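As structure tokens, the structure follows; a few thoughts come after it.
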Amino acid sequence: MTRTGSKSPAKAAARKPPARGRQSADGQADDDALAADTADTPPPLQIGTRLHHARLLREARMKDIAQAAGCSESLISKIESNKLVPSLRVLHRICEALNIAMGDLLGGSAPSDKVVTRVSERHIVSIDALRTGKGIRMERLIPYAKGHLLQGNIHIVAPGGTTDGDITHSGEEVGYVISGRIALTVNGTTYEVSEGDSFCYRSDLPHGYRNIGDTEARVLFINTPPTF
């Protein structure tokens, strides 16, 4: 593991022109800077449908969720109609506004005593924060079930793929780089980690990552309790 000692890495330079974020009157970022247009290629999981259902169950207005998540109401509308896929950071903020864990959203329920999950049974969600057609795929290793103390995912990150900012939640997490190379930022300090490296930190510290290599990176993340 190499510690660069720098602050959070600059966003990837090679962004397409449409991805330049505009600021609204209240300082919120423009929809294009927060989400990826996926009208032609829907994600494996219909994230928007699940968010819409969760909001209705809580009898929450779209406006209130947008304000709590720090994004525009139109962005929430497009996500709920599955026209846009939010970045990992934005999705996490929306889940916090709805008072649900991302695990509730990204996987169906399963028996708590389930021991083996076949590769064909894994829930997969795709995120493209940079709108490049590449981004992050998350494969859920532990099926969501009430009573689990652990949460595990393999993050498959394309070159340039990023969390699009820092994330915070309760708990603690450990990661192991299966292959590739990423820049991991924890509490403002950036570390370069590559195949075979591991890391651990409190999840309430701001953290995020970006693939800085030329090849796909595969990173195992385990956190407890399952709050992500």
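The values are calculated or read from the model by the stated rules, or taken from the named source; none is laboratory data. Every value quoted in this text rests on a predicted model; they were computed, and no experiment measured them. As a convention, Cβ positions derive from the backbone with ideal geometry for all residues, glycine included, and neighbour counts pool all protein chains shown.
Here are the numbers for the structure shown:
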item: Residue pairs meeting the criteria (Cβ under 8 Å; at least 6 apart or on separate chains; first at positive phi, in region 168-188; second of a type in the set (Ser, Thr, Tyr) and in a strand (DSSP E or B)); result: GLY171/THR224; GLY180/SER194; ASN187/TYR201
item: Selection from region 68-105 of residues that are assigned to a helix (DSSP H, G or I), more than 13 Å from the chain's Cα centre (by Cα), under 29 Å from ILE142 (Cβ atoms) and aliphatic (A, V, I, L, M); result: ALA68, ALA69, ILE76, ILE79, ALA97, LEU98
item: Verdict on SER170 being under 18 Å from CYS95 (Cα atoms), of a type in the set (Gly, Ala, Ser) and surrounded by fewer than 17 Cβ atoms within 10 Å (Cβ to Cβ); result: yes
item: Breaking point among (1) hydrophobic (A, V, I, L, M, F, W, C); (2) in contact with a strand residue (DSSP E or B) (Cβ under 6 Å, 6 or more places away or on another chain); (3) within 19 Å of SER126 (Cβ to Cβ), for LEU184; result: (3)
item: Within region 79-107, considering residues that are small (Gly, Ala, Ser) and closer than 17 Å to LEU57 by Cβ, the one modelled with the lowest pLDDT; result: GLY103
item: Criterion: within 14 Å of the chain's Cα centre (by Cα) and either surrounded by 20 or more Cβ atoms within 10 Å (Cβ to Cβ) or assigned to a strand (DSSP E or B) (or both) - qualifying residue of TYR201, TYR209, TYR176; result: TYR209
item: Residues of region 212-228 satisfying the condition of being in a loop (DSSP other than H, G, I, E, B), touching a Ser or Thr at 6+ places or on another chain (Cβ under 9 Å) and of a type in the set (D, E, K, R); result: GLU216
item: Number of positions in region 133-153 that are more than 16 Å from ARG118 (Cα to Cα) and modelled with pLDDT of 75 or more; result: 7
item: Qualifying residues in region 52-71 (those that are surrounded by 18 or more Cβ atoms within 10 Å (Cβ to Cβ) and out of contact with any strand residue (DSSP E or B) (no Cβ under 8 Å at 6 or more places or on another chain)) - the one modelled with the lowest pLDDT; result: ALA54
